[in-house]
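The values are calculated or read from the model by the stated rules, or taken from the named source; none is laboratory data. In this text the structure is predicted, and so the values were computed from the model without any measurement. In this analysis, Cβ positions are derived from the backbone assuming ideal geometry, glycine residues included, and neighbour counts consider all displayed protein chains. Areas reflect the complete protein model, heavy atoms only, side chains present, ligands, DNA and RNA absent. Shrake-Rupley method; radii C 1.70, N 1.55, O 1.52, S 1.80 Å.
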Amino acid sequence: MSHYGVAPNHAFQPLWSRARVCACPNTVCQVPKSRADICENSGVPASSIIMRVSTFAILAAVPIVSLPSRLRSRISTNAPEKLFGRGVRIHPSFRRATVKCSSQVKEAKLKVIGRFVYSDLADGAAMPTMLLSTSFFHAKTGNATLDAVLDAGFQGLVSGNIPYENNEEAVGLAIKELKNQGYKRSDLYIQTGFVPHGLQHPLMTPYDRSAPLNLQIRQSFIGSQKNLNVDRFDTFMWDGAASYMITRQRDMEAWGEIENLYLEGRAKMIGLRGFFLPQIKEMYERAEIKPMVVGITCHAHMGWMRDIRKYCQEKGIIFQAHRLCEVNDWVIKNDEVIEIGRKYGVRPEQVVYRYALQAGMVPVVELRFPEEIRNAMQVYEFELDEEDMLFMETMDRRYREPGVEF
């Protein structure tokens, strides 16, 4: 295992790791000056590393924000620091060797203050209790985003670098317009994530599909920075990466790159989306920086993912509930849920969102029309009583979705 959390195989190590000429901490790492040098050092054909060289050229051009004081205090004062752009860049070999995990908090807790949720794992970072996904807006993404923030009052936006589904460039233009209207960066919660190439369109992948996984994550992150016109994200997620019930070593190495983004101050929180409970447990136990957020598509016939919610509550992990209404159409059409809505003067979708809020979830709503977006924020105006909460929580025991076998 290398200092950067990548397997010893040179083809899967960062260029600066392969080029290092001395293990002495006082030695400044040397980067090869030509592709010929790289080929000689790594044994990789020049044609296969052109994209990787370009990646590091992009990295050198992107300003890096200053490390927060709470992170600097966890890094050895003897570690060499390079002034780089507006902030401080610390070589991974020194950082990974001396850092102590800030998220190894015993009995981490979640607390909700107003419309924001806080976790001990995230060192005080806040997340709005309801988020808007910008997926599926397509050509209307920019206007829909502006309407959601200016008219409906959404404070949190969820995106992802997946071009055929998300129009991040339009969201970036909307964020720029909000800044022009007086919004500060701190007024908006912005979340994005890395989507593996198996879920990307073959002709629209926003990174080099042949690159090592850690470089794919870095390239995707830089692409989202450019698309959304921001240097730092409130949360960066590993989105839809689950493919096996047991976490592979390669997955842990990729998570190490996401940890690097957190340690560099580029993301306030990091997390997982689309992982199964065994994977989440293994990742939590093995990771140096624990996942602070877990997101998953929430199915009512599976108890609204009750087991994962319980685990997240125990560990102080923020639980994001995705597609609450989209995949639970049978709940929206249920007569008793409709009757609960009439009781409070709201729509069935609002009953589902309100239940999720009171159950400790952070709903990530995927809405397409301005009226739907405005209706979603009205869930803060009423509260379900204990009987209605119990009914919604036990939907899996009372009903069966047509076509679902148990």
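Observations on the structure shown:
- Heavy-atom accessible surface of ARG398, to the nearest 10 Å², is about 130 Å², with a 1.4 Å probe and all protein chains retained.
- For a label point 7 Å along the Cα-to-beta-carbon line of ASP123, residues of segment 263-288 with backbone N under 11 Å: 263-269
- Placed amide H near PHE233: partners under 5 Å, 5+ positions off or other chain: ALA267, LYS268
- Computing Rg and the Kirkwood Rh from the Cα coordinates of segment 273-406 gives a ratio, Rg/Rh, of 0.98.
- Computed E for PHE382/ARG248 - FRET, C-beta separation, R0 41 angstrom, nearest 0.05: 0.35
- Label-to-label distance, nm, for residues given as SER210 and LYS333 (7 Å Cα→Cβ offset): 4.8 nm
- Per the Kirkwood formula applied to alpha carbons, segment 165-248 shows a radius of gyration over Rh ratio, Rg over Rh, of 1.03.
- Segment ARG398-ARG232, extension gain: residue separation times 0.36 nm, minus the distance between their alpha carbons: 55.3 nm
- Taking Cα centre as origin and charging only the Cβ of basic (Lys, Arg, +1) and acidic (Asp, Glu, -1) residues, the dipole magnitude of segment 273-345 rounds to 160 debye.
- Only the Cβ atoms of Lys and Arg (+1) and of Asp and Glu (-1) were treated as charged; on that basis the dipole of segment 139-253 about its Cα centre amounts to roughly 260 debye.
- A simple spin-label model places the labels of LYS109 and LEU150 4.2 nm from each other, with each point 7 Å out along Cα-to-Cβ.
- Chain lengthening between PHE116 and LEU390 when straightened (0.36 nm per residue, less Cα-Cα): 96.2 nm
- Under Karplus coefficients 6.51, -1.76 and 1.60, residue-wise ³J(HN,Hα) of segment 317-322 in Hz, glycine/proline x: 9, 6, 9, 9, 9, 9
- Counting only Cβ charges, +1 for Lys and Arg and -1 for Asp and Glu, the dipole size of segment 294-406 around its Cα centre is about 260 debye.
- For LYS281 and LYS184, the difference between the fully extended length at 0.36 nm per residue and the C-alpha to C-alpha distance is 31.3 nm.
- C-alpha center-to-center spacing [segment 129-196, segment 297-368] in angstrom: 22 Å
- Trypsin sites (Lys or Arg not before Pro) within segment 322-390: DSSP coil, no more than 15 neighbouring Cβ in 10 Å: LYS333, ARG368
- Only beta bridges with both residues in segment 116-268 are counted; by DSSP, about 25 percent of them are antiparallel.
- Applying a DSSP loop filter and a limit of 13 other Cβ atoms within 10 Å to the trypsin sites (Lys or Arg not before Pro) in segment 182-267 leaves LYS184, ARG209, ARG248.
- Cα-based shape type of segment 210-363, given that a ≥ b ≥ c are square roots of the gyration tensor eigenvalues and the cut on a/c is 1.5: prolate
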